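Every number here is computed from the coordinates shown, using simple stated rules; none is lab data. All values reported here derive from a predicted model rather than from experimental measurement. We place every Cβ from the backbone using ideal geometry, glycine too, and count neighbours over all the protein chains shown.
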């Protein structure tokens, strides 16, 4: 599993393990496809979407 201490600083995991969305996002940043600002924006939107889905279910 990816362990993150800072954005972009990670330890790799075995490809046979499951990946979550943030793993793919960090991998894209590592490849230079997106930058740190994009990563923070995406992560913030994932969190907002999760909070909104909580409110809708109540």
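In this structure, residue 55 and residue 24 have a Cβ-Cβ separation that, at R0 = 25 Å, corresponds to a calculated FRET efficiency of about 0.45. The ranking of 22, 56 from fewest to most other beta carbons within 10 Å of each one's beta carbon is 56, 22.
In terms of other Cβ atoms within 10 Å, 29, 51 run from fewest to most in the order 51, 29.
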